[in-house]
Structures are given as C-alpha cells and as structure tokens.
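Undergrad: Please read through the structure below; I'll follow up with questions.
The values are calculated or read from the model by the stated rules, or taken from the named source; none is laboratory data. What you see is a predicted model; the values in this text were computed from it and never measured. Here the Cβ positions follow ideal geometry from the backbone for every residue, glycine too, while neighbour counts run over all protein chains shown.
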Amino acid sequence: MDALERIETAVRLGKPDRVPVVPIIDFFAGRYGGITQHDMLFDIDKADMALEKTLSDLGPIDGQNLSYAGLGRIMQLIFPTPPVMPGVRGVPPDGQFQFVEKAVMEPEEYRLIEERGPIRWILDKMKLSTPELGNPAGLLKAFSGAGRDIIKAGRSIKRWRRRGVESMVAYNIVFTPMEYISLFMRSFNDFILDLFRRPDDVKAASRALMKPMQMQGSMMVRMSGLKRVFMGGTRTSASCLSPRQFEDLALPEWREMCDFWVRKGVTPLLHFDSDWTAFFPYLKELPRGKCILNLDGTSDIFAAKEVLGDHMCIMGDVPAALLKLGEPEEVDEYCRRLIMELGADGGFILSSGCTIPVDAKPENVKAMLASVHKYRP
Amino acid sequence: MGISEPARRCLRGNGGAVIEIGEAGMHRRLFGAIAGLREEESLVMVEEMLEAGMDPLRIIETARRGMDEVGKRYERHEYYLSGLIMSGEIFGEIMNILDRAFEYGLAEEEKPRVILGTPLGDVHDIGKNVVSSLLRCSGFEVVDLGVNVHPSEFVKAAEDSGAMVVGMSALITSAYEAMRETVWCFERAGFRERVSIMLGGGAVTEKVCEFAGADAWGRDASDALAIARACYGGEAR
C-alpha cells in the first residue's frame, strides 16, 4: 500500500498493511531543520527543506496532519483576532504561534449578523485587525499575496505526494459557527455567558454563519484539490458545555456541518482538543465511516475506540508533554499500546496529541515515527 | 415586607400564584437561584432583600453558600465549566450590588489567598480563569496576574499579598521553562518554603511538575481547589 491507500483504508474503518503515522509536525520541523518559526510560516521553500531534513534524520511519515507552513500571510488575513505570529508586531522570529482570547464583537451583534449579511459582517470584523482590507487596493494586495502563497502551497503538496507524504487537509480549515464565534469574535468567557443569557441569539447567529463557513471551506477544497477538511473543536467540548447545552446548541451544528461535507464527498477531520470523552456517544450521530476523530491527549482515546471504534476512524494522540519531557522508551511504549489496542482491527491513524511541540526531543519524535514499523497489530 | 413586581415574577409558583415567603424563605430562594445559575432571579432577589432592609452580611453569606453549592455540583460532575463561569459572573454582580448599597463599600473579611497566572511566553488564559472562578466560589481570594507573567511578578505578588499558594496554568510546552524559572525565582528570593506552587493546564502532567520543581499539579479546576484547600489545611468554604 502507498501512503494514501493506507490512510484511506483506515478512514473507511479498514485495516491497512500497517498503522499510518500522520503527525502535526510543522512547528517542530522548523526548529529541528534550523529555521525560525517566522520562516516556517512565511517561506514554504525553507519550511519544506526543514521538513526534508527532519524526515531524513528521524524517519518517514505517511502524511502531514494540519500544517501552517508557508501560510502565515493567510493566517493573518482570515482570523479576525490576529494570532501571536512569530516575527510580527514585536514577537521574536522564533517565538510561538498562539491564538489570543479577545472579544471583537458585542453581544447585541448576534442579531445583526443576518441583517448586515454574514459575509459583509465577517469582512467588517476582519478590517478591525487588517485595516488595509477597507480599501480596494489594500484588499487586492492582501488577497493577491495570499493567492501566491496558496499556489506555492499547492506545488509543495504535490511535491510531497510524489515522495509518498500525503497532505491531509492543507489549508482546508473550517469552523462550526459557534467554535468560530467563541475563538475569534467573543472570547471564551463571554461566549459561555452568552449561552446562558441569550441562547436564541447565539442560535440565530449560528444559522446565519453556517452557509458562509461552508462556502469558505468549499472554496478551499476546490483550490487545494484535497477532499478533506480540518474542523477544530474545543469550546463546545465536554470540558466546557453541559450535555444539555451541547445537545441544544452545538450538536446540531456539528451534525449539519459533517453531513454537508460528507454529501460533497469530503472527509471531515474532527480535531478535538480538550476533553470530549463524555460526548463520544453523541458522535454516533455523525455519518458512519466518513469522519476522522483526531484527539489531543486530553480525551480518553481508548474509550473513544470502545464507543466509536466501529463508527469513525480514530486518530491520535501522543501527548506533547511526553514528546518534550519523556524518554524514547516511554514514547515507544505509549505508541505500542495505541497501535496494538486501537489499531488491532483497523480504523486507526497514529498522530501527535495536537502538535508535536516545537521543543520536543528529536529522539522521542524518532521513536514515535519508528513505532508504526516496529509494531504490526 | 413589600415585594416589587419583578420579584413577584421570580417568586411565582408553578400555578402562577405569588408565593408569600418570609426572610428565611427569601434566603432559601436566593440560595436556590444562585445554585441553579438563574442570573436574573438572583439579582432581583438581592435587590429586593436590600430594599426589605435585610442584613447585607447575611445576604453575602447566602450567596457564598449558593456558590459553594455550585462548586460541589461541579466536583460531582453535575455542572461543567460553563456553569462555573456563569456562577462566577452572578457572584460578581451580587457583590457589585451590595458594594453600591454601602457608601464606603463592604469591609472584606480575611480570606486565604491564591496567586494565579499564565507563565511567561504563554498567552492562554481559559484554564486559569476557570480555576479562579472555582477558587472564588469556594471562599478563596484570588490575585490574578493575567497572562505572559514574568517569574519575578509571581514572587512580588506572593510577597505583597502573603499568599501561601501560587498557581500557574499553561497550554504550550515552551512555558515549562518559565514555570521552572518561576520556582527558581521563589528559591532565590528565599520564599520557596513559604509558598506551595501548583501547576495546571492542557500541557501539564506529573512529569512537568517534576521538571519545574513544583509541589503539585492538577488535571482540572477541581484538582486545583483540592490542592489549595490542602495547602491551607482544609480552610475555605
């Protein structure tokens, strides 16, 4: 089997010749490959060279999960709350990329989204962090720069595929409306209060934003040619919401969004950070054999296999702390357990729990990448 | 005692009839409203109780018991982070109402103090804020230093406040070094023996606790509360 067949077999709940390994490796590869995080985010050629050195020294991978390599300009453009970006606005070039909690929307605005038109409203918010989007010349400049980066990223994806490394999602990043509102518009705390104080307004905003979110994702799928989308979920997790809030507010969105992509033949990669364990039974309502559940090490991945193993491909979850502070033997043992227990009857992809940390021990990453060859369930 | 129309609306029983209740009943209703996370009802009750001339210190005590109940429900996994955040908001609003009721503000009683912050290099604050809410619910005074906090700021805050517990929460692995540096800073300042240092956050494990030289670590806000209580010998609540 080649890398793509191996991944696709696991996604369809089959058993490939071996467990595929598909980590989020961009931050680590940048540091290991000797470039700054700024260069990794803004120069795809340098990022590719750094990744090449990493894989050549530490071992091959079947694919890259999400990668921000070369997409810095796009990240600056599309997020209404600008992330902490290495080398930008006083952040050191080798600093760490991070999202920031900041409210850029008042609670009264929920009801205005529909009225203003959701796309125009999102653009208004983007202009707050990127004022140049307010004039046609600035808009053209920003989008042409992003367009060039997308073309370069497309070439990179093809180069890596020829070398047996599949890009899972490239820049196909999609949010459910509530995750989007919480992360980029209202901040976590305010969003949670809104769920108590004005749940109907939040629902109305969710309905208004669903289509633009789907349109944005569809555009990315068309541009990248990759029929998978990365959907981050944190703020609607079992760590945060009560089951009642989840059933009433968040689950309908997750279902609608996943159904939409599956109808289009696109595989949702559900990248679920924080603890989703108590909500695993709800995920049976998503289409069977069509989604990937990617956990970050906080949820109980073994429970996920028990509850959802015959329903969706499980992906994860070598913890960041283990990769940074553990010993290779400990990483090897954890990966062995994942591979032998979760991969025993297929439907499993080995990955990092969220990202391989920028400062992981190389020998630990090596142990993780080697484990899929060492252990055959 | 007179009852205003908003309070009447909140005090209606299932059949729509106003339930006439005495002072003890009002306290019970306030407790129930806070524990049930009913914001509007809680605030109307407090206004009404003040108008009726009830003792504000008893109102605070009832509000604290309501918060305490929220904390217990969270520990029993009947409530989730969302409930904790909502209850913190309700309590803050009640304290604002009570503060406004007194020209010189309410005299604060002495409470066990905890310093919280996200260490240098990390700007994530969700976990820290949740721990802060639960500790406040449970009778602690929290000195929240915010995010990206320099090690020396933790030491200064502990020195100024006399807190015996310092908590750091982080989501990224590069904050481990800042956590360790903070522990060293307490040692260099000669404060290490006086404070207990606890860690938490998505990227923290037993190994991280050992690496940083901290005293304890927790998986969630309930763990943080248990640690803080243990450090104060079971005080608070």
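Undergrad: Out of curiosity, is A:ALA321 hydrophobic (A, V, I, L, M, F, W, C), crowded, with 24+ Cβ neighbours inside 10 Å and within 13 Å of chain B (Cβ to nearest Cβ)? Show your work before the answer.
TA: Values: hydrophobic (A, V, I, L, M, F, W, C): yes; crowded, with 24+ Cβ neighbours inside 10 Å: no; within 13 Å of chain B (Cβ to nearest Cβ): yes.
When the stated conditions are applied, A:ALA321 does not pass them.
Undergrad: Let me ask you something else. Name the residues in segment A:331-370 that are part of a helix (DSSP H, G or I), touching a Leu at 6+ places or on another chain (Cβ under 7 Å) and farther than 18 Å from A:LEU51 by Cα, would you?
TA: The answer is A:VAL331, A:TYR334, A:CYS335, A:LEU338, A:ILE339.
Undergrad: Examine segment B:209-220 for a residue that is out of contact with any Lys or Arg (no Cβ under 7 Å at 6 or more places or on another chain), within 14 Å of another protein chain (Cβ to nearest Cβ), closer than 30 Å to A:GLY95 by Cα and part of a helix (DSSP H, G or I), and state whether such a residue exists.
TA: yes
Undergrad: Kindly check whether there is at least one residue in segment A:137-149 that is under 30 Å from B:GLY83 (Cα atoms), in contact (Cβ under 8 Å) with a residue 40 or more places away in the chain, of a type in the set (A, V, I, L, M, F, W, C) and surrounded by 16 or more Cβ atoms within 10 Å (Cβ to Cβ). Before you say what the answer is, go through the steps one by one.
TA: Here is the first cut: in segment A:137-149, the ones under 30 Å from B:GLY83 (Cα atoms) are none.
Scanning segment A:137-149 turns up no residue that is under 30 Å from B:GLY83 (Cα atoms), in contact (Cβ under 8 Å) with a residue 40 or more places away in the chain, of a type in the set (A, V, I, L, M, F, W, C) and surrounded by 16 or more Cβ atoms within 10 Å (Cβ to Cβ).
Undergrad: Being in a helix (DSSP H, G or I) and within 14 Å of chain B (Cβ to nearest Cβ), is that true of even one residue in segment A:103-111? Before the answer, list the steps.
TA: Start the filter on segment A:103-111 by keeping residues that are in a helix (DSSP H, G or I), which leaves A:107-111.
Filter once more, so that each one left must be within 14 Å of chain B (Cβ to nearest Cβ): A:107.
Yes, some residue in segment A:103-111 is in a helix (DSSP H, G or I) and within 14 Å of chain B (Cβ to nearest Cβ).
Undergrad: In segment A:131-149, is there at least one residue being farther than 20 Å from A:PHE230 by Cα and either within 14 Å of another protein chain (Cβ to nearest Cβ) or in contact with a His (Cβ under 6 Å, 6 or more places away or on another chain) (or both)?
TA: no
Okay, residues lined up against (1) modelled with pLDDT of 95 or more; (2) away from chain B (no Cβ under 14 Å); (3) within 18 Å of A:ASP296 (Cα to Cα):
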| position | (1), (2), (3) |
| --- | --- |
| A:ARG336 | yes, yes, yes |
| A:ILE349 | yes, yes, yes |
| A:CYS354 | no, no, yes |
| A:LYS366 | yes, yes, no |
| A:ALA370 | yes, yes, no |
| A:HIS373 | yes, yes, no |
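Undergrad: Need the failing condition index for A:PHE279 against (1) more than 30 Å from A:SER224 (Cβ to Cβ); (2) assigned to a helix (DSSP H, G or I); (3) within 12 Å of chain B (Cβ to nearest Cβ), just the number.
TA: Of (1) more than 30 Å from A:SER224 (Cβ to Cβ); (2) assigned to a helix (DSSP H, G or I); (3) within 12 Å of chain B (Cβ to nearest Cβ), only one is false for A:PHE279: (1).
Undergrad: Could you tell me which residue of segment A:176-225 is farthest from B:LEU81 (Cα to Cα), considering only residues that are away from chain B (no Cβ under 13 Å) and outside any helix (DSSP H, G or I)?
TA: Among residues in segment A:176-225 that are away from chain B (no Cβ under 13 Å) and outside any helix (DSSP H, G or I), the one farthest from B:LEU81 (Cα to Cα) is A:GLY225.
One line per residue, one yes/no per condition, for (1) part of a loop (DSSP other than H, G, I, E, B); (2) more than 12 Å from chain A (Cβ to nearest Cβ):
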position: B:ALA163; (1), (2): yes, yes
position: B:GLY167; (1), (2): no, yes
position: B:LEU171; (1), (2): yes, no
position: B:TYR176; (1), (2): no, no
position: B:TRP184; (1), (2): no, yes
position: B:GLY190; (1), (2): yes, yes
position: B:ARG194; (1), (2): yes, yes
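Undergrad: Would you check if A:GLN245 is closer than 20 Å to A:LEU293 by Cα, surrounded by fewer than 22 Cβ atoms within 10 Å (Cβ to Cβ) and either out of contact with any Cys (no Cβ under 8 Å at 6 or more places or on another chain) or away from every other protein chain (no Cβ under 14 Å) (or both)? Don't jump to the end; show me each part of the working.
TA: Details: closer than 20 Å to A:LEU293 by Cα: no; surrounded by fewer than 22 Cβ atoms within 10 Å (Cβ to Cβ): yes; either out of contact with any Cys (no Cβ under 8 Å at 6 or more places or on another chain) or away from every other protein chain (no Cβ under 14 Å) (or both): yes.
So A:GLN245 does not fit the description; no.
Undergrad: Quick check on segment A:249-257. Is at least one of its residues crowded, with 24+ Cβ neighbours inside 10 Å, part of a helix (DSSP H, G or I) and among the aliphatic types (A, V, I, L, M)?
TA: Keep residues of segment A:249-257 that are crowded, with 24+ Cβ neighbours inside 10 Å, which gives A:250, A:254, A:257.
Narrowing further to those that are part of a helix (DSSP H, G or I): A:250, A:254, A:257.
With among the aliphatic types (A, V, I, L, M) added as a condition, the list becomes A:250, A:257.
So far as segment A:249-257 goes, yes, one or more of its residues are crowded, with 24+ Cβ neighbours inside 10 Å, part of a helix (DSSP H, G or I) and among the aliphatic types (A, V, I, L, M).
Undergrad: Being within 29 Å of A:ASP48 (Cα to Cα), in a helix (DSSP H, G or I) and in contact with a Ser or Thr (Cβ under 6 Å, 6 or more places away or on another chain), is that true of even one residue in segment A:133-144? Walk me through how you get there before you give the answer.
TA: Restricting attention to segment A:133-144, the residues satisfying the condition of being within 29 Å of A:ASP48 (Cα to Cα) are A:139-144.
Narrowing further to those that are in a helix (DSSP H, G or I): A:139-144.
Next, only the ones that are in contact with a Ser or Thr (Cβ under 6 Å, 6 or more places away or on another chain) stay: none.
No.
Undergrad: So A:ASN294 fits all but one of (1) within 14 Å of chain B (Cβ to nearest Cβ); (2) in a strand (DSSP E or B); (3) of a type in the set (S, T, N, Q); what number is the exception?
TA: (1)
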